[in-house]
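Notes follow the structure.
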Amino acid sequence: MRTLWVPAVICGLLALLLGLPFAGGTSAGPLDAAVAGWTAHLSPGLLRVLVFPTEPYVVAVLALLAVGLCLRGRRRADAVLAVAAPVAAVLLTGLLLKPLYGRWKNGTLVYPSGHTVGLVAVLTVLVLVTRKAVVAILAALALAAAAAGLVGLGYHYLTDVAGGTLFAVAVVLLSWSVLRRAPAPSAG
């Protein structure tokens with residue numbers, strides 16, 4: 001787990017760099033506009049369903065699931081990280097990154113997407129806790145659906161979602177790498 005700091009740093013740097021061209025702006029980049037066009041034909045009802053995983057109460061339930069899995073496996077330190085890392089990611093996004101980048105849409109700071117940060121941080125924790133490919137696949141599908149919903153409803157640009165994804169993964173992996181105790185050596 002200690003080697004997680006390398007992808008954490010890479011994701012963090014990519015998140016910081018991705019937002020630079022849009023800092024202080026309000027307009028969509030070419031990719032943002034193209035994806036917005038692709039999602040424009042989807043019905044508002046479908047888009048609301050797609051964005052459902054980003055709702056705070058859904059994210060909270062997923063976080064509780066991660067904590068429960070940790071406690072069931074007698075991994076108390078991981079249970080603390082399962083809560084602390086996503087909370088840290090969300091707080092850093094809202095208090096530091098959004099004001100720093102100053103990207104606005106519809107009167108709201110949007111880079112990186114806080115909805116995405118919350119969801120992806122908890123999903124990343126679940127992937128780390130379970131170490132199951134099926135969880136990683138379901139997490140990727142939930143993120144893709146949420147991205148389509150957030151863009152289609154006009155809440156975010158695709159780059160906001162990508163930046164939020166990268167930042168959430170960076171914070172969780174870095175937290176897991178730095179704060180998690182190294183496994184005890186095998187006795188046998």
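The values are calculated or read from the model by the stated rules, or taken from the named source; none is laboratory data. Here the structure is a predicted model, which means the values were calculated and not measured. Methodologically, a virtual Cβ is constructed for each residue, glycine included, from the backbone with ideal geometry; neighbour enumeration extends over all protein chains shown. Remember, those area values only see protein heavy atoms, side chains included, never the ligands or the DNA or RNA. Shrake-Rupley method; radii C 1.70, N 1.55, O 1.52, S 1.80 Å.
State the percentage of accessible surface on the stretch 1-134 attributable to carbon and sulfur atoms; use a 1.4 Å probe and exclude ligands, DNA and RNA.
On the way: 5470 of 7390 Å².
Accessible surface attributable to carbon and sulfur in the stretch 1-134 totals 74 percent.
Just the number please: accessible area per residue for the stretch 71-152, 1.4 Å probe, all protein chains included, in Å². Spell out each step's value before the answer.
On the way: 3890 Å² over 82 residues.
Accessible surface, normalised per residue, equals 47 Å².
Using a simple charge model, +1 on the beta-carbon of Lys and Arg, -1 on the beta-carbon of Asp and Glu, nothing else, what dipole does the stretch 74-188 show about its Cα centre, in debye to the nearest 20? Walk me through the numbers before you get to the answer.
Values: 10 positive and 2 negative charges, 75 e Å.
Its charge dipole is roughly 360 debye.
Helix 158-179 against the longest principal axis of the chain: what's the angle in degrees, Cα atoms only, rounded to the nearest 10?
20
Expressed in nm to one decimal, what extension gain is obtained for the pair Trp38 and Ala23 from 0.36 nm per residue of sequence separation less their Cα-Cα distance? Intermediate results must be reported in sequence, preceding the final value.
Numbers: separation 15, 0.36 × 15 = 5.40 nm, distance 2.43 nm.
In short, 3.0 nm is gained.
Classify the stretch 1-119 from the C-alpha gyration tensor, please: rounded if a/c falls under 1.5, else prolate or oblate depending on whether a/b exceeds b/c.
Oblate is the answer for the stretch 1-119, as a/c is 1.5 or above yet b/c matches or exceeds a/b.
Taking Cα atoms, how many degrees apart are the long axis of helix 56-72 and the longest axis of the chain, rounded to 10 and kept between 0 and 90?
The answer is roughly 10 degrees.
If you take the beta carbon distance between Ile10 and Asn106 as r and set R0 to 35 Å, what does 1/(1 + (r/R0)^6) give as a FRET efficiency, to the nearest 0.05?
Step by step, r from the Cβ atoms, then E = 0.65.
Net charge near Val110, counting Lys/Arg +1 and Asp/Glu -1 over other residues with Cβ under 11 Å of its Cβ?
+1
Show log10 I(q)/I(0) for the stretch 31-188 at q = 0.10, 0.13, 0.17, 0.20 Å⁻¹, two decimals, from a solvent-free Debye sum over equal Cα scatterers.
Log10 I(q)/I(0), no solvent term: -0.37, -0.61, -0.96, -1.23.
What is the Cα centroid distance between the stretch 71-94 and the stretch 46-60, reported in whole angstrom?
The stretch 71-94 and the stretch 46-60 have Cα centres spaced 20 Å from each other.
Considering the options Leu42, Leu14, Leu64, tell which one lies farthest towards the positive end of the dipole of the chain, charges being +1 on Lys and Arg and -1 on Asp and Glu at the Cβ, about the Cα centre.
Ranked along the dipole, the leading option is Leu64.
Taking H as built 1.01 Å from N, whose amide H comes closer than 5 Å to the amide H of Lys105, not counting residues under 5 places away?
Val110
Show me, for the stretch 12-25, the HN-Hα J-couplings you get by feeding each phi into the Karplus relation (A = 6.51, B = -1.76, C = 1.60, θ = phi - 60°), rounded to Hz, glycine and proline as x.
Karplus values, whole Hz, x for Gly and Pro: x, 5, 4, 4, 5, 6, 4, x, 4, x, 9, 4, x, x.
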